[in-house]
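Peer 1: Mind having a look at this structure? Questions to follow.
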Amino acid sequence: MTSSRRVQDRSKNKRIHYLEIVKEKWKILSKVLFLMELLKKEKEMVIPLRSLDRYRKQLNLPKPHKITDFIRKCPKLFELYKDQRGTLWCGMTKEAEDLLEEEERLIEEQSTKAVEYVTRILMMSVDKRIQLDKIAHFRRDFGLPIEFRTKWVNQYPQHFRVEKSKDGVEFLELVNWNPAWAITELEKRTLGLNDGIGREPGILSLPFPLKFPPNYKKVYRHGGKIEHFQKRSYLSPYADARELKAGSLEFDKRAVAVMHELLSFTIEKRLVTDHLTHFRRELVMPQKLMRLLLKHFGIFYVSERGKRFSVFLTEAYEGSELIEKCPLVLWKEKVLSLIGYRGKKKEVPTFSDLSDMEERDIIEEKDIIEGDTQMEDTCADFEEEEIMGGLDAVSPTNDDELEISHFCNSYKGTS
């Protein structure tokens with residue numbers, strides 16, 4: 001799918017550059033979040049530096065790039081320590097630890113909405129159940145906690161439960177159909193409805209919001225086709241779609257509605273396209289899903305940067321800014337603002353044992369660490385295990401700097 005000529009050969013005039021910038025920023029952040037979560041799982045929230053070598057793919061740091069270089073470029077979040085045997089350790093600053101506590105609190109506060117969205121995905125599925133591992137791919141996209149599989153899914157038995165198949169595969173299964181939730185986000189905004197009580201999900205005739213980049217002129221050429229598509233009726237994502245014929249106009253438009261609904265559930269209104277392909281059977285979507293997303297360019301935007309493509313809900317963005325930001329998005333922006341370093345390099349403090357690290361705040365800054373190497377794209381979708389590609393032109397030119405604004409400005413220069 002992702003190697004299709006239609007994707008790779010897309011005209012530069014059809015790219016939405018400010019959304020490409022959004023993807024580059026969040027790719028930078030995902031690497032940092034991966035390391036923060038990794039440290040959080042450790043008993044004392046520190047880890048030997050050599051142990052990080054196994055996570056190079058998730059961190060997008062192929063050799064010969066040094067992991068220490070990346071850590072030192074985020075001094076407000078990470079610190080390096082050395083024990084008496086000379087072993088280097090990585091830990092978090094007090095500010096990073098406080099941020100993780102804040103994230104836990106925000107996830108807990110948003111849990112009601114997360115439960116609703118997970119339930120609604122199950123309601124849209126053809127068998128009213130989905131493999132647990134597939135839903136886990138959306139953990140951060142829906143604001144779900146780290147212990148999603150082990151704890152969270154068992155806390156809401158009134159909505160769903162975990163069932164094991166004969167071959168040991170775990171599924172999340174719908175317990176009760178909630179008619180109040182059987183209504184699309186588009187219906188809520190367009191018709192002003194609050195819930196679906198008293199209404200059976202059936203045929204809809206609502207047009208999808210469209211947003212094209214200013215330099216895209218072909219919208220006038222295809223205006224008639226777009227208008228015809230917008231007027232076409234389609235089956236609600238919550239209605240039974242078993243009888244729809246694959247490849248039919250009704251089938252494709254319902255698939256657009258399902259995609260629109262899924263993206264509306266996410267906190268950033270975007271998803272990795274590979275995750276979506278996992279749900280083709282469960283949500284009755286076409287095999288060539290990428291072609292559908294590219295065809296409806298005004299509704300969705302596909303960024304093909306790297307090996308993992310991302311799809312955006314265009315209506316949710318004004319330029320490079322998300323129009324409605326939930327608390328978890330604001331939290332991510334706060335973390336993003338702390339990434340970057342200008343100034344002298346720090347000495348790696350030595351401790352007699354790990355408990356001495358509590359006194360790290362009294363260590364003075366010096367200039368010792370040698371061997372700094374230039375770091376390329378600081379970006380990776382940390383839920384994935386493939387190295388992301390990216391813009392070679394947007395890697396920092398100064399080894400002591402890792403600034404978000406540098407990436408944005410450099411990218412604009414390539415447009």
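The values are calculated or read from the model by the stated rules, or taken from the named source; none is laboratory data. Model, not experiment: these values are computed from the prediction. Every residue, glycine among them, receives a Cβ derived from its backbone with ideal geometry; neighbour counts consider all protein chains shown. Only protein heavy atoms, including side chains, enter the accessible area calculation; ligands, DNA and RNA are left aside. Shrake-Rupley method; radii C 1.70, N 1.55, O 1.52, S 1.80 Å.
Peer 1: So for the pair LYS43, LEU106, with labels modelled 7 Å out along Cα→Cβ, what separation do we get in nm?
Peer 2: 3.1 nm
Peer 1: With the contact rule set at Cα under 8 Å and sequence spacing of 6 or more, what percent relative contact order holds for region 110-177?
Peer 2: Once normalised by length, the contact order is 36 percent.
Peer 1: Could you work out how far apart the two model spin labels at LYS288 and GLN230 are, taking each label as a point 7 Å from the Cα in the direction of the beta carbon, and quote it in nm?
Peer 2: 2.6 nm
Peer 1: Counting alpha carbon pairs within less than 8 Å and at least 6 residues apart, what relative contact order, in whole percent, applies to region 178-324?
Peer 2: Relative contact order here is 21 percent.
Peer 1: On full extension of the chain, what length is gained from THR277 through LYS134, given 0.36 nm per residue of separation minus the C-alpha to C-alpha distance?
Peer 2: Full-extension gain reported as 50.5 nm.
Peer 1: Under a point spin-label approximation (7 Å from Cα along Cα-to-Cβ), what is the ASP240-LEU338 distance to one decimal in nm?
Peer 2: 5.2 nm
Peer 1: With r defined as the distance between the Cβ atoms of ARG85 and HIS17 and R0 fixed at 60 Å, what FRET efficiency is calculated, to the nearest 0.05?
Peer 2: About 0.75, to the nearest 0.05.
Peer 1: Further, regarding this structure: Give me the Kirkwood hydrodynamic radius of region 178-324, using the inverse of the mean 1/r over all pairs of distinct Cα atoms, in Å to one decimal.
Peer 2: The answer is 16.1 Å.
Peer 1: What does the extension gain come out to for SER248 and VAL175, with contour length at 0.36 nm per residue minus their alpha carbon separation?
Peer 2: 23.1 nm
Peer 1: Starting from the residue with the highest accessible area, list ASP69, ASP240 in decreasing order, probe 1.4 Å.
Peer 2: From most exposed to least exposed: ASP240, ASP69.
Peer 1: Right, next: Once the whole set of protein chains is in place, how much accessible area is left on LYS164, using a 1.4 Å probe, in Å² to the nearest 10?
Peer 2: 140 Å²
Peer 1: Would you mind checking region 166-210 for residues with the amide N under 12 Å from a putative spin-label position 7 Å along Cα→C-beta of GLN158?
Peer 2: The answer is 176.
Peer 1: Which of the residue pairs LYS57/LYS134; LYS25/LYS73; LYS94/LYS334 have a Cα-Cα distance greater than 19 Å in the structure shown?
Peer 2: Pairs exceeding the cut-off: LYS57/LYS134.
Peer 1: Which residues in region 24-53 place their backbone N less than 12 Å from a point set 7 Å from the Cα of LYS63 along the Cα-to-Cβ direction?
Peer 2: Output list for this probe position: 53.
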